[in-house]
Amino acid sequence: MATATGAGLPIRPVSTPDTFQQITKLTRYQLYEYVRSRRFVAMLGIVAIIGAIMTALVGHYRGGLVSSNLAFYGSFWGGGAAFLVVLAAVIFGGDAIAGEFQNKTGYFLMGLPVRRTTIYVGKFFAAFLASVAMLGLYLLILLGNGAFYFGAGALPWQLPVSLLITLVYLAAVLGTTFLFSSLFKTSAYGFALTAVLFLIGFTILQALVVDLVHIEPWMVISYANSSIGNIFNPTVNWGLFGNITTTTTQVGRHSFVTVTTYTAGIAESIVIMLGYLIVTAVGGLYLFEREEFT
Amino acid sequence: MPPSLEMRNLTKQYGTFTALNALNLKLDGGKCVGFLGPNGAGKTTTLKMLTDMIFPTQGECFINGISVQQDRKRALAEAGVLIESPEIYPSLTPNQALEMVADLRGVPAAERKDRIRSALEEVKMVDWADKRVGRFSKGMKQRINIAAALVHDPSVVVLDEPSTGLDPRGMAEVRAIIRGLKKSQRLIFMSSHILSEVVDVCDDVALIDRGKLLFYDTLANVTSRFSDGHSSIDLSFARAIPPDAVQGRIGTLPGIGSVTLLDPRRLRIKYTGGIETQERLVESVAQMHLGLVSAGESESALEEIYLSQISRGD
Ligand SMILES: Nc1ncnc2c1ncn2[C@@H]1O[C@H](COP(=O)(O)OP(=O)(O)OP(=O)(O)O)[C@@H](O)[C@H]1O
Ligand SMILES: [Mg+2]
């Protein structure tokens, strides 16, 4: 019988694909793994539910929600996409690296002639694409509603721009979850930290920076995501610096409350997001290159 | 160029604890080297550094002359490794998992199907090729892991207790696979606690204890070196051995030190004079028509050596 290991036969050496090809291949297999996972199906379910609630809301209230297609897309893409990005990034990226240690699947990959970077980047792309699939479903539901109220052709030019910003935001958030994920060797910690951080941590941090330090919270990633919706504003700020609005409200006879709000400029928010992506990617790769599979 | 593995001054410290202490070992040529040592001796630590899963505190390893620490991708290209029973993504089937391995390793698409099929045949998992790995038993997963280590036709094979979790038949199959690998001039470096397995398939043995290499030599040399100049061999017979044959006809053959009846059908013979005496001995006994069925290095010789060497450190 001819054997795989070619008992008695000469060795048939193979030549390892280059790193770029390996990243592509690994992305494909990881994505396949995601698509077949329970969490992927669960996420699809969550998006479908959010989409259904949104459809019902618009159908019931109409009014201001459908006063213009800008208002419609601004509130539903602007409001929903940033949340979905965080949810998808936590679900797909929270344990991406930690899980490889905890589930011992990383030991399987480490026996292969691939650079550690290849594993990290391949997993990142796969998580990115899996998240994009979620955003895609949400977008489809949105477009369906949009077509119903405004006709199929009435797409504002802001929508594709907002989609692009959303993708950059996704990359930044995923980069951050991957970085945190590679700090741990236990999936639960990766999930917990990224979920807490993105769902409440950054929002609190942003509020603290504004209220206590009184500066524009440009260093907080959640600050940047507002531009996904802001772009639908007629008075959008494209710039590198945020708008500062101060409103003073009288709350008693002699007391006034002054509230300062900051709104990131579009260019500014993209720079912030790319900054997060670069810093976290470099940091995460640095950590993963040095992590031991003990 | 023959396959080779080299560990140069390989050292691993965890804090102040030295798990592996300046290991120098160079293996080359097509053969199987057994890596022995008690629990915690540093075997897995060594094999993990050989495959860049952990990093040496000092020293370096080479696979076919390529530094693992400097270029894991190139160094591991011709190696097949199985360390500490890794898990395969549970939603993959064996076919898909091996496809991933073969694809990432660069097995040409045209050959992939064939190679995967024969790798699965070798570990007797063809019937499970399209079932999800997540539901497999420990031994079934281990079989797939072995197939994954071999699917690309490696010239160097590093195995950490490959028989872990396997049933007796699985263990026998692993031995057959290793013998096949040796035939085609591959180098196998294998840790094991099963001395009979080592005696059966290995040509050389390395023994470590507490992170220190105690010796590395051919199995034959080791056995003769540590058994007061005597080598020892076990003979098995198809029927009970006539008592007169034991001390009489066999015991008086040239070079024989002692003959012990292990059970009615098995003899242990201590002899001097190396391989020549051994050949002559087996030939003579075969000609006695006593029903000789097999002759093999006695495993308990290795066991005696193992125990005496390990306890020496106490
Ligand atoms: N991550 C770690 N941190 C601290 N010590 C470790 C770590 N990993 C291994 N060790 C120690 O290193 C020593 C060698 O362990 P290793 O796993 O190499 O032993 P082994 O020879 O493979 O044993 P076994 O036969 O039980 O598999 C042990 O004393 C172990 O406790
Ligand atoms: Mg071990």
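Only residues in the stretch A:123-152 that are part of a helix (DSSP H, G or I) count as the first member; pair them with residues that are polar (S, T, N, Q) and crowded, with 19+ Cβ neighbours inside 10 Å, Cβ under 7 angstrom, at least 6 apart or cross-chain, and list the lot.
So the pair list comes out as A:Lys123/A:Gln30; A:Phe125/A:Thr27; A:Ala126/A:Thr27; A:Ala126/A:Gln30; A:Leu135/A:Thr166.
Hey, B:Ser196 hits all of (1) part of a loop (DSSP other than H, G, I, E, B); (2) within 23 Å of B:Gly40 (Cα to Cα) but one; which does it fall short on?
Evaluating B:Ser196 over (1) part of a loop (DSSP other than H, G, I, E, B); (2) within 23 Å of B:Gly40 (Cα to Cα) leaves (1) as the failure.
Residues in the stretch B:137-147: is at least one assigned by TED's automatic domain parsing to the domain that holds B:Val199, at pLDDT 90 or above and not in a helix (DSSP H, G or I)?
Checked the stretch B:137-147: at least one residue is assigned by TED's automatic domain parsing to the domain that holds B:Val199, at pLDDT 90 or above and not in a helix (DSSP H, G or I).
What is the residue count in the stretch A:153-162 for residues that are touching a residue at least 60 places away in the same chain (Cβ under 8 Å) and either surrounded by 16 or more Cβ atoms within 10 Å (Cβ to Cβ) or over 25 Å from A:Ala264 (Cα atoms) (or both)?
Of the residues in the stretch A:153-162, 6 are touching a residue at least 60 places away in the same chain (Cβ under 8 Å) and either surrounded by 16 or more Cβ atoms within 10 Å (Cβ to Cβ) or over 25 Å from A:Ala264 (Cα atoms) (or both).
Quick one: which residue in A:Ser15, A:Ser37 is surrounded by fewer than 22 Cβ atoms within 10 Å (Cβ to Cβ) and touching a Gly at 6+ places or on another chain (Cβ under 6 Å)?
A:Ser15
Name the residue, out of B:Ser85, B:Ser155, that is under 21 Å from the mean Cα position of the chain (by Cα), within 9 Å of chain A (Cβ to nearest Cβ) and within 22 Å of A:Pro17 (Cα to Cα).
When all the criteria are applied, what remains is B:Ser155.
What residue, among those in the stretch B:118-147 that are within 8 Å of chain A (Cβ to nearest Cβ) and open to solvent by 10 Å² or more (accessible area, probe 1.4 Å), is farthest from B:Val68 (Cα to Cα)?
Looking at the filtered set, the residue picked out is B:Glu121.
Kindly list the number of the only condition in (1) within 14 Å of chain B (Cβ to nearest Cβ); (2) touching a Leu at 6+ places or on another chain (Cβ under 9 Å) that fails for A:Ile50.
Evaluating A:Ile50 over (1) within 14 Å of chain B (Cβ to nearest Cβ); (2) touching a Leu at 6+ places or on another chain (Cβ under 9 Å) leaves (1) as the failure.
Could we say that B:Leu27 is open to solvent by less than 40 Å² (accessible area, probe 1.4 Å), in the same structural domain as B:Glu197 (by TED's automatic domain parsing), within 19 Å of B:Lys212 (Cα to Cα) and more than 16 Å from ligand 1 (Cβ to nearest atom) here?
Taking the combined requirement at face value, the residue satisfies it.
Looking at the stretch B:234-258, which of the residues that are of a type in the set (S, T, N, Q) and surrounded by 12 or more Cβ atoms within 10 Å (Cβ to Cβ) is nearest to B:Ala301 (Cα to Cα)?
Looking at the filtered set, the residue picked out is B:Ser258.
Select from the stretch B:1-17 the residues that are within 16 Å of ligand 2 (Cβ to nearest atom) and either within 16 Å of the chain's Cα centre (by Cα) or open to solvent by 40 Å² or more (accessible area, probe 1.4 Å) (or both) and list them in ascending order.
B:Tyr14, B:Phe17
Do we find a residue being over 29 Å from B:Gly170 (Cα atoms), more than 9 Å from chain A (Cβ to nearest Cβ) and either crowded, with 21+ Cβ neighbours inside 10 Å or modelled with pLDDT of 95 or more (or both) anywhere in the stretch B:45-57?
Yes.
This table checks each residue for (1) open to solvent by 10 Å² or more (accessible area, probe 1.4 Å); (2) touching a Leu at 6+ places or on another chain (Cβ under 9 Å); (3) modelled with pLDDT of 95 or more; (4) within 14 Å of chain B (Cβ to nearest Cβ).
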{"site": "A:Gly79", "(1), (2), (3), (4)": "yes, no, no, no"}
{"site": "A:Leu87", "(1), (2), (3), (4)": "yes, yes, no, no"}
{"site": "A:Val121", "(1), (2), (3), (4)": "yes, yes, yes, yes"}
{"site": "A:Ala130", "(1), (2), (3), (4)": "no, yes, yes, yes"}
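Is it true that B:Val293 is crowded, with 16+ Cβ neighbours inside 10 Å and not in a loop (DSSP other than H, G, I, E, B)?
Here the answer is no, as B:Val293 does not meet what is asked.
Condition first: surrounded by fewer than 22 Cβ atoms within 10 Å (Cβ to Cβ), facing chain A (nearest Cβ under 10 Å) and in contact with a Ser or Thr (Cβ under 6 Å, 6 or more places away or on another chain). Can you find one or more residues in the stretch B:60-79 that meet it?
For the stretch B:60-79, residues surrounded by fewer than 22 Cβ atoms within 10 Å (Cβ to Cβ), facing chain A (nearest Cβ under 10 Å) and in contact with a Ser or Thr (Cβ under 6 Å, 6 or more places away or on another chain): absent.
Which of the residues belonging to the stretch B:222-259 are acidic (Asp, Glu) and more than 24 Å from B:Ser196 (Cβ to Cβ)?
B:Asp244
Can you tell me which residue within the stretch B:164-213, out of those that are open to solvent by 20 Å² or more (accessible area, probe 1.4 Å) and of a type in the set (S, T, N, Q), is farthest from B:Ser308 (Cα to Cα)?
Going through the qualifying residues, I end up with B:Gln185.
The values are calculated or read from the model by the stated rules, or taken from the named source; none is laboratory data. Since we're looking at a predicted model, the values are computed, not measured. Here the Cβ is made from the backbone with ideal geometry for all residues, glycine too, and neighbour counts use every protein chain on show. The area values use the complete protein model at the heavy-atom level, side chains included, leaving out ligands, DNA and RNA. Shrake-Rupley method; radii C 1.70, N 1.55, O 1.52, S 1.80 Å.
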